[in-house]
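A.B. asks: Got a structure for you, written out below as structure tokens; questions coming shortly.
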Amino acid sequence: MAALTRARSRRPLPVRLFAVVGAMLVVVVVSQVASQLRTAGTPSRPAAPAAVDPLQPAIGDLDAGTTGDTGAAAGAGAATGDVARIKANIEFWSARVARDRDDFISSNRWGISEIELARATGDLTAFLKADGAFDTTLARDPHNAAALGYKGSVLVSLHRFVDAAGLARTVLATQPADPVALATLGDASLELGDLPAARDAYGRANEVAQSAATLGRLAHLDFIEGKTADAVRLATAAVGLSESEGAEGERAAFYHYQLADVLISTGDRAGARKAYAAALAADPGSFLAHSGLARVAAADGDLDGAIHQLTDAIAIVPQPDFLARRGDLYTLRATSGDRKLAADDYATVEAIATLAGEAASVYDRTLALYLANHGLDATGAVTLADGELAVRKDVYGYDADAWALLAAGRATDADAMMSRALAFGTRDAKLLYHAGMIAAALGQTDRARTSLTDALALDPSFDPLQVARARAALADLP
């Protein structure tokens, strides 16, 4: 992206960028997949395949994946030994496919191992390889349920939402009660901004296969529609149901994290702190639990604690929004050496798009917000946000475009776009903050004061740097 290239050219890339990103490419944010996957065998030699492929996914196998820019599902990193095991499995199963491309069991296991690698390390190219592996299966057997189910999750991870919805509809045309296809259709529809379609798909999935996974999806949809009490109730129920389902580790952590995210976004920071801690207790490798605790700490004024938690999250997977937020915390703390540390984190964020290669578009929304937040190439931010919105017309797509337009000095256009975001009914402090700043730029003092006050009252954890700016803007209003 030319805009990002220009932004990066202002300063040299830090040495630690290559150590961080070289070891672990950034994670897919947005997203709504990755899974509690079953892998075969040991690092040295996975178990030989059975006569019938047993890997058909359940809805819960699509959870604990991304999170990206909408706050949906997110996974956990893996220890070095786990990554070595995953890579050994990939080598084993891909070698079998190279010898016999009709070996659909091996191609499915190869694809599942690639998804596991993407989840563990944030290497987006692993999702691309998983897609290719499942395509190998489908070339032999176009109706293979495991390949279709997991391919849908990969398409969502890669933000190919139209393709994911199309694949799900193809499956549902012959199997209208397929719960995995229904969940995939709901996930894709939600990201495309088609809330009625998402509601219908999630509702049908919940009818045929109620689980923590279906309740969690309905909770997220309720939050997007502004039904915050229902969102809290369902997210709480999802945690309880996941426990009765025997969820452990990463999967158990995901439902606690999702509950925490709903709680903090609806103003219950104390409840969120407990739920984030429960997520971390269930899975010490949950980078999202660390990031959630950082959010709580920053809102409490504990910048050192927030930086510590984000550093732990980044050590697991260096997600771009984590790096940007830690850079902002260094900027706010402003102790000796913090300016250099912030510059290094910002430079890493700016480099992500080129490092992600073919899958770089996954980060377009995150990068558009980053550029707009930091006064870097506002025109480039608008280009990124416009391109994303052309396909992905969800609440946060309109919001990102509005924020980029404001950064570019187009307040009237930003206001029109923000109106479309607010029409979804989502009660999110970041949306209210953006709306307030746009109103202030238009000279609409009363509206600006109301929106900024509401944002800070609802959730003063939404972004530490932007919260400081909201308070300053309020103080400056006549």
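The values are calculated or read from the model by the stated rules, or taken from the named source; none is laboratory data. Owing to the predicted nature of the structure, the values given are computational and were not obtained by experimental measurement. We place every Cβ from the backbone using ideal geometry, glycine too, and count neighbours over all the protein chains shown. These accessible areas exclude ligands, DNA and RNA; they are computed on the full protein's heavy atoms, side chains included. Shrake-Rupley method; radii C 1.70, N 1.55, O 1.52, S 1.80 Å.
A.B. asks: For a quick check of your reading of the model, give me the residue pairs whose first member lies in the range 91-113 and is closer than 23 Å to Leu62 by Cα, whose second is among the acidic types (Asp, Glu) and in a loop (DSSP other than H, G, I, E, B), with beta-carbon atoms closer than 8 Å and at least 6 apart or on different chains.
C.D. replies: Listed pairs, sorted by first residue: Phe104/Asp53; Phe104/Asp141; Ile105/Asp53; Ser106/Asp100; Asn108/Asp53.
A.B. asks: Just to verify a result, which residue in the range 269-294, among those that are more than 16 Å from the chain's Cα centre (by Cα) and within 21 Å of Asp338 (Cβ to Cβ), is surrounded by the most Cβ atoms within 10 Å (Cβ to Cβ)? Reasoning before the result, please.
C.D. replies: Just the residues of the range 269-294 that are more than 16 Å from the chain's Cα centre (by Cα), to begin with: 269-285, 293-294.
Retained after the next criterion (residues that are within 21 Å of Asp338 (Cβ to Cβ)): 293-294.
Values: Leu293: 24, Ala294: 28.
Result: Ala294.
A.B. asks: Got a sec? Which of Asp399, Asp413 is in contact with a helix residue (DSSP H, G or I) (Cβ under 7 Å, 6 or more places away or on another chain) and touching a residue at least 12 places away in the same chain (Cβ under 8 Å)?
C.D. replies: Details: Asp413 fails: touching a residue at least 12 places away in the same chain (Cβ under 8 Å).
Being in contact with a helix residue (DSSP H, G or I) (Cβ under 7 Å, 6 or more places away or on another chain) and touching a residue at least 12 places away in the same chain (Cβ under 8 Å) holds for just one of Asp399, Asp413, which is Asp399.
A.B. asks: Among the residues of the range 461-469, is there at least one that is open to solvent by 20 Å² or more (accessible area, probe 1.4 Å) and hydrophobic (A, V, I, L, M, F, W, C)?
C.D. replies: yes
A.B. asks: Residue by residue through the range 295-321, note down the ones that are open to solvent by less than 20 Å² (accessible area, probe 1.4 Å) and in contact with a Ser or Thr (Cβ under 6 Å, 6 or more places away or on another chain).
C.D. replies: Listed by number, the residues that qualify are Ala313, Pro320.
A.B. asks: Just the residues that are of a type in the set (Ser, Thr, Tyr) and modelled with pLDDT under 95, please, taken from the range 278-307.
C.D. replies: Residues of the range 278-307 of a type in the set (Ser, Thr, Tyr): 286, 291.
Passing the criteria: only Ser286.
A.B. asks: Please find, among Phe161, Phe104, the residue that is of a type in the set (Phe, Trp, Tyr) and farther than 30 Å from Ile352 by Cβ.
C.D. replies: Working: Phe161 fails: farther than 30 Å from Ile352 by Cβ.
After applying the criteria, what remains is Phe104.
A.B. asks: Any residue in the range 111-124 that is over 30 Å from Ser291 (Cβ atoms) and crowded, with 20+ Cβ neighbours inside 10 Å? Don't jump to the end; show me each part of the working.
C.D. replies: Residues of the range 111-124 over 30 Å from Ser291 (Cβ atoms): none.
No: zero hits.
A.B. asks: Can you work out which of the residues in the range 125-171 that are of a type in the set (Ser, Thr, Tyr) and more than 22 Å from Gly387 (Cα to Cα) is most open to solvent (accessible area, probe 1.4 Å)?
C.D. replies: In the first step, residues of the range 125-171 are kept if they are of a type in the set (Ser, Thr, Tyr); the result is 125, 136-137, 150, 153, 157, 170.
Those left that are additionally more than 22 Å from Gly387 (Cα to Cα): 136-137, 150, 153, 170.
Working: Thr136: 14, Thr137: 1, Tyr150: 11, Ser153: 5, Thr170: 92 Å².
Top of the filtered list is Thr170.
A.B. asks: Scan the range 332-341 and tell me whether some residue there is more than 26 Å from Ile438 (Cβ to Cβ), open to solvent by less than 20 Å² (accessible area, probe 1.4 Å) and touching a residue at least 24 places away in the same chain (Cβ under 8 Å). Give the derivation first.
C.D. replies: Taking the range 332-341 first, the residues more than 26 Å from Ile438 (Cβ to Cβ) are 333-341.
With the extra rule that they be open to solvent by less than 20 Å² (accessible area, probe 1.4 Å), the set shrinks to 338.
Checking which are touching a residue at least 24 places away in the same chain (Cβ under 8 Å) leaves us with none.
Looking for residues that are more than 26 Å from Ile438 (Cβ to Cβ), open to solvent by less than 20 Å² (accessible area, probe 1.4 Å) and touching a residue at least 24 places away in the same chain (Cβ under 8 Å), one finds none in the range 332-341, hence no.
A.B. asks: To continue, here is another question. Sort through Gly425, Gly443 and tell me the only one that's modelled with pLDDT of 95 or more, more than 30 Å from Asp230 (Cα to Cα) and part of a loop (DSSP other than H, G, I, E, B). Even if it seems obvious, please write down each step before you answer.
C.D. replies: Working: Gly425 fails: more than 30 Å from Asp230 (Cα to Cα).
Selected residue: Gly443, the only one of Gly425, Gly443 that is modelled with pLDDT of 95 or more, more than 30 Å from Asp230 (Cα to Cα) and part of a loop (DSSP other than H, G, I, E, B).
A.B. asks: Find the residue count for the range 417-428, including only residues that are aliphatic (A, V, I, L, M), touching a residue at least 12 places away in the same chain (Cβ under 8 Å) and out of contact with any Phe, Trp or Tyr (no Cβ under 6 Å at 6 or more places or on another chain).
C.D. replies: Filtering the range 417-428 down to residues aliphatic (A, V, I, L, M) leaves 417-418, 421-423.
From what's left, touching a residue at least 12 places away in the same chain (Cβ under 8 Å): 417-418, 421-422.
After this cut, where a residue has to be out of contact with any Phe, Trp or Tyr (no Cβ under 6 Å at 6 or more places or on another chain) as well, the list is 418, 422.
Total satisfying the criteria: 2.
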